[in-house]
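The values are calculated or read from the model by the stated rules, or taken from the named source; none is laboratory data. All values reported here derive from a predicted model rather than from experimental measurement. Here Cβ is always computed from backbone atoms with ideal geometry, including for glycine, and neighbour counts include all displayed protein chains. In case anyone asks, the SASA skips ligands and DNA or RNA and just uses the protein heavy atoms, side chains included. Shrake-Rupley method; radii C 1.70, N 1.55, O 1.52, S 1.80 Å.
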Amino acid sequence: MENEKKVVTLTYGCQMSERDAETIAEIASQAGYSRSEDLATADLVIINTCCVRESAENRILGKIGELKKLKEKNPNLKIAISGCMVQQPGALERLQKRAPHVDIWAGTHNLHNFPSLLSRAEQGKKVAEVWQEPKLTLESTPLAEQGKLQANVNIMYGCDNFCSYCIVPHVRGRERSRKPEEIIQEIENLVASGCREVTLLGQNVNSYGKEFSPAYDFADLLRAADQIPHLLRIRFITSHPKDLSDKLIETVAKGEKLCEHFHLPIQSGSNLILQRMNRKYTREYYLSRVQKIRELIPNASLTTDIIVGFPGETEEDFEQTLTIMKLIHYSQAFTFMFSKRSGTLAATMEDQIALDVKKRRLQRLMSVQNQESQDWRQRMVGKTYEVLVEGPSKTNPTRLTGRTRGNELVVFKGNSNLAGSLADVTIIEAGTWTLVGELEES
Ligand code: SF4
């Protein structure tokens, strides 16, 4: 339809942020906008922002600046900026001054109010709404887009951990868990619309339900989700190591649909730095958790996040991070240089590390991890894995892509009608980032 209004959604940051962007896009669809990826013909552009790292924030500010030109060409275009960056204490005023062409500003706690913000903006008003505390009923936001093979499902919001470098508890509030029956219902609805894999999301899924009475924890939720008919796979992210219980590891080991992949951010291999980061575990405790996983699930894939150049990090601290990486053999690691986030304790710490030192450490860390990832993929060659077929590859449509239970990407030849089903694929080659496989005859 030619006169149909179009919305383009751009997302920065973590999967929670992606999930929020889906929610806002769904609200816009319900308000009559069809989804599009073409900025030039958009009537509404929504940027859901992240403030966890300075680099993301700079990219977002650049993008907001670019949209000004688009708005000059199309004065009817509405621009909405939402999420963590807007929620930071004192940020709204600064952002409004910098980008007066933006029509809607919204924080993280009032997403469900987006329809009212949108309708006021459609009437030509500039609107800004940032709540300091979450007041919404958690289940009142629209469901994820229906009909997709994979979907993200929020199981909780906020975080209580206050790691000293992290802005998240300041912009997403304290931990709140959704009721299990609501989550299961949402997954069942997604499955009815064709979804076969869900990723359960929370800043720390391992502490899900800690406020519930009678007791009901994340392992209980996983067991319930594992029973949902026609669902093929369940993933979850992120697991705080300090709350990774034996019960949870045992549940994953026994589960049918529970993927044997743990994203377990270590952040540093040095006890001194872990303490300054307020991570509430030691290197030894972390290793004991890894040992338990390997004992019960020998083929489990482990991924992690690591920060280099945290204030006070000595060469010796950094070496301890390198040694633990070599001990654990992560299949993948997301590595970052420490960047100051105002409002966090670490931003005020003395002995900040010089940029050139941080860069050098990051390079060393990445080269160790690249080798580890390469070795991990190499060890998969010759073995057969269960793959959830996603469909034709975007870069080479003559091949299919899919993911193993460990979340490794595999490309292989096969009929596109396999999309959405499980297939056995033998790995024949390990590339830099992907695996090449051969479909087994069923
Ligand atoms: S666990 Fe720590 S790093 Fe993760 S969101 Fe909470 S405060 Fe931030």
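Could you figure out which of (1) open to solvent by 40 Å² or more (accessible area, probe 1.4 Å); (2) over 22 Å from the mean Cα position of the chain (by Cα) isn't true of Gly309?
(1)
Taking into account only those residues within the stretch 17-60 that are under 28 Å from Glu186 (Cα atoms) and of a type in the set (Lys, Arg), which is least open to solvent (accessible area, probe 1.4 Å)? Show your work before the answer.
Filtering the stretch 17-60 for residues under 28 Å from Glu186 (Cα atoms) gives 17-37, 44-50.
Subsequent filtering for residues that are of a type in the set (Lys, Arg) retains 19, 35.
Details: Arg19: 8, Arg35: 89 Å².
If we take residues in the stretch 17-60 being under 28 Å from Glu186 (Cα atoms) and of a type in the set (Lys, Arg), then Arg19 is least open to solvent (accessible area, probe 1.4 Å).
Test each condition in (1) part of a loop (DSSP other than H, G, I, E, B); (2) open to solvent by less than 50 Å² (accessible area, probe 1.4 Å) for Arg361 and report the one that comes out false.
Failing condition for Arg361: (1).
If you take the residues in the stretch 264-278 that are open to solvent by 10 Å² or more (accessible area, probe 1.4 Å) and within 12 Å of the ligand (Cβ to nearest atom), which one is nearest to Phe318 (Cα to Cα)?
Within the stretch 264-278, the subset open to solvent by 10 Å² or more (accessible area, probe 1.4 Å) is 267, 271-272, 275-276, 278.
Next, from what is left, pick out any that are within 12 Å of the ligand (Cβ to nearest atom): 267, 278.
Values: Gln267: 11, Asn278: 17 Å.
Result: Gln267.
Taking the options Thr344, Thr395, Thr303, Thr384, name whichever one is open to solvent by less than 60 Å² (accessible area, probe 1.4 Å), polar (S, T, N, Q) and within 30 Å of Arg233 (Cα to Cα).
Details: Thr344 fails: within 30 Å of Arg233 (Cα to Cα); Thr395 fails: open to solvent by less than 60 Å² (accessible area, probe 1.4 Å); Thr384 fails: open to solvent by less than 60 Å² (accessible area, probe 1.4 Å).
Being open to solvent by less than 60 Å² (accessible area, probe 1.4 Å), polar (S, T, N, Q) and within 30 Å of Arg233 (Cα to Cα) holds for just one of Thr344, Thr395, Thr303, Thr384, which is Thr303.
Within the stretch 239-275, how many residues are free of Cβ contacts under 8 Å to residues at least 24 places away in the same chain and either assigned to a loop (DSSP other than H, G, I, E, B) or touching a strand residue (DSSP E or B) at 6+ places or on another chain (Cβ under 9 Å) (or both)?
1
Asn299 - would you say it is touching a Cys at 6+ places or on another chain (Cβ under 6 Å), in the same structural domain as Leu201 (by TED's automatic domain parsing), of a type in the set (S, T, N, Q) and assigned to a loop (DSSP other than H, G, I, E, B)?
Working: touching a Cys at 6+ places or on another chain (Cβ under 6 Å): no; in the same structural domain as Leu201 (by TED's automatic domain parsing): yes; of a type in the set (S, T, N, Q): yes; assigned to a loop (DSSP other than H, G, I, E, B): yes.
Considered against the rule, which asks whether it is touching a Cys at 6+ places or on another chain (Cβ under 6 Å), in the same structural domain as Leu201 (by TED's automatic domain parsing), of a type in the set (S, T, N, Q) and assigned to a loop (DSSP other than H, G, I, E, B), Asn299 comes out as no.
Within the stretch 146-156, can one find any residue that is modelled with pLDDT of 90 or more, within 16 Å of the ligand (Cβ to nearest atom), farther than 26 Å from Ala31 by Cβ and in contact with a helix residue (DSSP H, G or I) (Cβ under 6 Å, 6 or more places away or on another chain)?
Yes, the stretch 146-156 contains a residue that is modelled with pLDDT of 90 or more, within 16 Å of the ligand (Cβ to nearest atom), farther than 26 Å from Ala31 by Cβ and in contact with a helix residue (DSSP H, G or I) (Cβ under 6 Å, 6 or more places away or on another chain).
With the requirement that a residue be in a loop (DSSP other than H, G, I, E, B) and surrounded by 15 or more Cβ atoms within 10 Å (Cβ to Cβ), what does the stretch 94-108 give you? Quick ask: steps written out before the conclusion?
Let us first name the residues in the stretch 94-108 that are in a loop (DSSP other than H, G, I, E, B), namely 99-103, 107-108.
Ala99, His101, Val102, Asp103, Gly107, Thr108 - these are the residues of the stretch 94-108 that are in a loop (DSSP other than H, G, I, E, B) and surrounded by 15 or more Cβ atoms within 10 Å (Cβ to Cβ).
Which one is farthest from Ile306 (Cα to Cα) among residues in the stretch 159-183 that are within 11 Å of the ligand (Cβ to nearest atom) and of a type in the set (Asp, Glu)?
Per the criteria, the residue is Glu175.
For the stretch 229-238: of the residues being over 19 Å from Gly158 (Cα atoms) and assigned to a strand (DSSP E or B), which is most open to solvent (accessible area, probe 1.4 Å)?
Arg235
For the stretch 31-59, give me each residue that is polar (S, T, N, Q) and farther than 25 Å from Pro75 by Cβ.
First pass over the stretch 31-59, keeping only residues polar (S, T, N, Q): 34, 36, 41, 48-49, 55, 58.
Of everything in the stretch 31-59, those that are polar (S, T, N, Q) and farther than 25 Å from Pro75 by Cβ turn out to be Ser55, Asn58.
Can you run down the residue pairs with Cβ atoms below 6 Å, 6 or more apart or on separate chains, where the first is in the stretch 196-216 and polar (S, T, N, Q) and the partner is open to solvent by 40 Å² or more (accessible area, probe 1.4 Å)?
Asn206/Asp243; Ser207/Asp243
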